[in-house]
Amino acid sequence: MSHKQIGFAIVGYGLAAKLHAQALTQLDEAKLIAIVGRNTKKASELAENFGVEALSLDEALRREDIQAFIVATPTGSHLEVVKEIAPRGKHLLVEKPLESNLQRTDELIRTCEEAGVILGAVFQHRYDDASLMLKEYKERGLLGRTVMGSAYVKWYRTQEYYDTRPWRGRVETSGGGALAIQASHSIDLLLWFLGEPEKACGFMNTLAHTGIEVEDVAVASIQFKDGALGSIEASTATYPGFPERLEFHFERGSAIIEGGKIVYLNTLSEEIPVIERGQGGLSGASDPAGVDIQPFVRMLQDFVNALREGKNPPLDGREGRRAVELIEAARISALESRVVELPL
């Protein structure tokens with residue numbers, strides 16, 4: 001792609017759209033051109049904040065200075081948005097989870113492949129300082145194989161959280177509750193460090209909210225192909241809400257990431273310093289004001305580099321699919337009271 005700057009439009013106007021817009025302002029090789037949304041008032045408000053235009057999707061698709069779209073709409077609407085954009089030859093970066101179930105996710109990926117456009121998935125926590133540092137140690141062979149990993153995403157959401165955005169409470173539109181919407185980032189990191197899951201067993205329930213069909217408490221156990229074991233605890237019913245926490249245990253040491261920070265690291269390697277920092281602070285997702293924008297910047301830079309080179313980014317659609325598959329396996333297990341074998 002020979003454009004001096006790659007032009008972006010963001011479809012959506014919520015918190016995720018705002019974070020992507022902020023990140024784009026820090027990239028020399030990318031430029032935010034427009035905000036797209038059905039609610040023209042909300043789209044115009046966000047567009048005005050960043051000094052760009054508010055356009056309809058059709059208007060944005062006709063613009064030659066827009067080469068890529070970031071889709072930040074409710075999960076269950078991603079496929080329909082992608083079906084409108086991909087055939088027009090525009091590249092796509094789609095928020096997590098890619099879609100509300102595996103069938104729709106596969107159709108979304110296939111739509112992009114058939115159109116010959118590049119598809120990226122949004123899992124910016126792979127680009128946190130903590131994740132990148134730990135991954136580097138692992139790839140250098142300093143930690144040995146991963147033997148166990150655990151993800152704890154125990155947050156709190158009021159009844160109003162679901163009442164004011166009904167799509168969040170329906171499986172068809174959200175893909176699920178605490179596992180899909182709140183824990184998907186941590187699930188992605190488990191998969192990034194532990195590899196390919198082989199079996200999953202899940203339990204889910206709705207205990208603290210009414211009028212919703214998604215879970216507000218969930219646990220899952222995973223066996224990976226190389227024998228490593230994983231576990232997930234996710235909730236939107238754990239008042240007052242706690243920082244998300246990831247525990248990784250390797251042959252040669254252990255690490256704990258809490259609130260996006262490494263709070264504990266102790267290994268047998270003399271090349272790795274010992275870290276014992278205590279708590280990592282508030283979760284950015286629980287406290288939007290605390291969100292670190294740099295992981296978004298790094299992720300978008302990787303996506304822009306991929307567009308320029310005409311290749312898939314490291315976090316492409318197939319990679320983003322993995323979290324959807326594991327979430328669906330856990331849901332099937334909970335509904336059918338059985339261990340589910342993967343791949344689905």
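The values are calculated or read from the model by the stated rules, or taken from the named source; none is laboratory data. A quick note: this is a predicted structure, and the numbers were derived from the prediction, not measured. Virtual Cβ from ideal backbone geometry, glycine too; neighbours counted across all protein chains shown. In case anyone asks, the SASA skips ligands and DNA or RNA and just uses the protein heavy atoms, side chains included. Shrake-Rupley method; radii C 1.70, N 1.55, O 1.52, S 1.80 Å.
Table for the structure above
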{"item": "Residues satisfying the stated conditions in the stretch 160-188, i.e. closer than 13 Å to Arg321 by Cα and hydrophobic (A, V, I, L, M, F, W, C)", "result": "Ala180, Ile187"}
{"item": "The stretch 205-232, residues that are touching a residue at least 60 places away in the same chain (Cβ under 8 Å), surrounded by fewer than 18 Cβ atoms within 10 Å (Cβ to Cβ) and of a type in the set (A, V, I, L, M, F, W, C)", "result": "Leu229"}
{"item": "Filtered residues of the stretch 113-138 (kept if within 22 Å of Phe8 (Cβ to Cβ) and either within 16 Å of the chain's Cα centre (by Cα) or surrounded by 20 or more Cβ atoms within 10 Å (Cβ to Cβ) (or both))", "result": "Val117, Ile118, Leu119, Gly120, Ala121, Val122, Phe123, Gln124, His125, Arg126, Tyr127"}
{"item": "Qualifying residues in the stretch 1-26 (those that are in contact with a Leu (Cβ under 6 Å, 6 or more places away or on another chain) and not in a strand (DSSP E or B)) - the one nearest to Arg165 (Cα to Cα)", "result": "Tyr13"}
{"item": "Enumeration of residues in the stretch 288-307 that are open to solvent by 10 Å² or more (accessible area, probe 1.4 Å) and over 30 Å from Gly241 (Cβ atoms)", "result": "Gln301, Asp302, Asn305"}
{"item": "Filter result (in a loop (DSSP other than H, G, I, E, B), touching an Asp or Glu at 6+ places or on another chain (Cβ under 7 Å) and either open to solvent by less than 10 Å² (accessible area, probe 1.4 Å) or over 26 Å from Glu160 (Cβ atoms) (or both)) within the stretch 233-251", "result": "Thr236"}
{"item": "In the stretch 303-343, the residues that are under 15 Å from the mean Cα position of the chain (by Cα), closer than 25 Å to Leu32 by Cβ and not in a loop (DSSP other than H, G, I, E, B)", "result": "Phe303, Asp316, Gly317, Glu319, Gly320"}
{"item": "Sole residue being of a type in the set (Gly, Ala, Ser), modelled with pLDDT under 95 and open to solvent by 20 Å² or more (accessible area, probe 1.4 Å), chosen from Gly259, Gly278, Gly310", "result": "Gly278"}
{"item": "Residue among Glu64, Glu80, Glu48 that is in a loop (DSSP other than H, G, I, E, B), open to solvent by 20 Å² or more (accessible area, probe 1.4 Å), free of Cβ contacts under 8 Å to residues at least 24 places away in the same chain and acidic (Asp, Glu)", "result": "Glu64"}
{"item": "Selection count where residues are open to solvent by less than 50 Å² (accessible area, probe 1.4 Å) and within 13 Å of the chain's Cα centre (by Cα), scope the stretch 179-204", "result": "13"}
{"item": "Total residues in the stretch 83-96, condition buried (at least 20 other Cβ atoms within 10 Å of the Cβ), touching a Ser or Thr at 6+ places or on another chain (Cβ under 7 Å) and farther than 28 Å from Asp292 by Cα", "result": "1"}
{"item": "Among (1) at pLDDT 95 or above; (2) open to solvent by 40 Å² or more (accessible area, probe 1.4 Å) - the single one Thr40 does not satisfy", "result": "(1)"}
{"item": "Residue tally, condition open to solvent by 40 Å² or more (accessible area, probe 1.4 Å) and in contact (Cβ under 8 Å) with a residue 24 or more places away in the chain, over the stretch 97-112", "result": "4"}
{"item": "Selection status of Ala72, open to solvent by 10 Å² or more (accessible area, probe 1.4 Å) and closer than 30 Å to Ile327 by Cβ", "result": "yes"}
{"item": "Within the stretch 252-279, considering residues that are in a loop (DSSP other than H, G, I, E, B) and polar (S, T, N, Q), the one nearest to Val147 (Cα to Cα)", "result": "Ser269"}
{"item": "Boolean, Ala208 is within 23 Å of Phe242 (Cβ to Cβ), assigned to a loop (DSSP other than H, G, I, E, B), hydrophobic (A, V, I, L, M, F, W, C) and modelled with pLDDT of 95 or more", "result": "yes"}
